[in-house]
Amino acid sequence: MALRLRIPTLINSWKLIGVRNTSGEIGSGAGKGGGAGGAVREAGGSFGKREAAQEEEYFRRLQSAQLKELKDHLQDEVKHHEIAIKEHQREIWRYRERWRYIERYGDIEREMEI
């Protein structure tokens, strides 16, 4: 019974330790990745926060540009495949017409050019 009561409290205490280690504002000390993050970030304060905000803005803009580029590329791919579909439909029509001509006249030698 005593063991049952201790296990949840141990788990909860480990959760709190994890939260304490990862809590803190961006730019208020060492970087997220385990490294220092530079002298300005290490110092913390408003300069560290400003640098962190600029870095976040840079990556947001970069991601936005990459998403726009991907969207444009996908639109080009769709257009390309739509053109290919139209060309294949024309070829299907042409072969069906040849098939009908052969069925109607039965003479392959006199097949008309379509």
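The values are calculated or read from the model by the stated rules, or taken from the named source; none is laboratory data. Owing to the predicted nature of the structure, the values given are computational and were not obtained by experimental measurement.
Scanning region 83-91 finds no residues that are modelled with pLDDT of 90 or more, within 28 Å of the chain's Cα centre (by Cα), in a helix (DSSP H, G or I) and among the basic types (Lys, Arg).
Taking Arg100 as the residue in question, decide whether it is modelled with pLDDT under 85, in a helix (DSSP H, G or I) and basic (Lys, Arg). It would help to see each step written out before you state the result.
Numbers: modelled with pLDDT under 85: no; in a helix (DSSP H, G or I): yes; basic (Lys, Arg): yes.
No: the conditions fail for Arg100.
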